[in-house]
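Below is one structure, written out as structure tokens; the observations come after it.
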Amino acid sequence: MIELQQIHHVAYRCNDAKETVEWYQDKLNMEFLVAIAEDQVPSTKEPDPYMHLFLDAGNGNILAFFELPNSPEMGKDPNTPEWVQHIAFELKDRDALIAAKEELEAKGVEVLGVTNHEIIHSIYFFDPNGHRLELTFRDGTAEQMAELKRVAPAMLEEWSVTKKAPKHAAWLHEKEFSEH
């Protein structure tokens, strides 16, 4: 039986390895952990030089990037809205989120939010590669989270049939449940 421990890393492509490392160090205070460079892809043995970077995203989580100089220019999926694909990092609390927003804006980063998702609050911005990033903190109650987990299978089943938003969690946006 497979027993996952945690995500080791998620890897994305970058336009420029040095610029990417420096941006994440400066804007998100991430430590640069490891660089691996090869002339061929280890898993396929294809001749394709690359630089693979690993940055510390906290608590053993790693964010990785590949610079691929011999591949066509990096693009985005034109059929997927830019808000869909993103990397979300968790902060301690609301004060940390507000301080992060202020710090990012002082460093010239355009920030959207704070957005209230009722069980989390988030801010959004882009890295120099065009990847959307989210900083968030959790503030949902144990009761809210238990109910969301309970209705998740029914919501998924209804969605798979109708492709319309199920209303099992509509209570989340009603005032008496969303005030903390």
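The values are calculated or read from the model by the stated rules, or taken from the named source; none is laboratory data. These figures come from a predicted structure and were not determined experimentally. Virtual Cβ from ideal backbone geometry, glycine too; neighbours counted across all protein chains shown.
Here are the numbers:
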{"read-out": "Filter result for residue 171 (modelled with pLDDT under 95 and within 17 Å of residue 12 (Cα to Cα))", "value": "no"}
{"read-out": "Per-region count, segment 126-149, residues surrounded by 12 or more Cβ atoms within 10 Å (Cβ to Cβ) and among the basic types (Lys, Arg)", "value": "2"}
{"read-out": "Extreme residue, surrounded by the most Cβ atoms within 10 Å (Cβ to Cβ), among residues of segment 76-100 that are without any contact (Cβ under 8 Å) to a residue 24 or more places away in the chain and over 21 Å from residue 56 (Cβ atoms)", "value": "98"}
{"read-out": "Close pairs (9 angstrom Cβ cut-off, 6 or more residues apart or separate chains): closer than 16 Å to residue 136 by Cα and in contact (Cβ under 8 Å) with a residue 60 or more places away in the chain in segment 102-113, of a type in the set (Gly, Ala, Ser) and surrounded by 13 or more Cβ atoms within 10 Å (Cβ to Cβ) anywhere", "value": "none"}
{"read-out": "Subset of segment 12-34 (residues that are surrounded by 13 or more Cβ atoms within 10 Å (Cβ to Cβ) and assigned to a strand (DSSP E or B))", "value": "12, 13, 14, 32, 33"}
{"read-out": "Subset of segment 129-172 (residues that are closer than 27 Å to residue 89 by Cβ and hydroxyl-bearing (Ser, Thr, Tyr))", "value": "136, 141"}
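Residue-wise test of (1) in a strand (DSSP E or B); (2) touching a Ser or Thr at 6+ places or on another chain (Cβ under 6 Å); (3) at pLDDT 95 or above.
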{"residue": "48", "(1), (2), (3)": "yes, no, no"}
{"residue": "65", "(1), (2), (3)": "yes, yes, yes"}
{"residue": "75", "(1), (2), (3)": "no, no, no"}
{"residue": "81", "(1), (2), (3)": "no, no, no"}
{"residue": "88", "(1), (2), (3)": "yes, yes, yes"}
{"residue": "99", "(1), (2), (3)": "no, no, yes"}
{"residue": "102", "(1), (2), (3)": "no, no, yes"}
{"residue": "110", "(1), (2), (3)": "no, no, yes"}
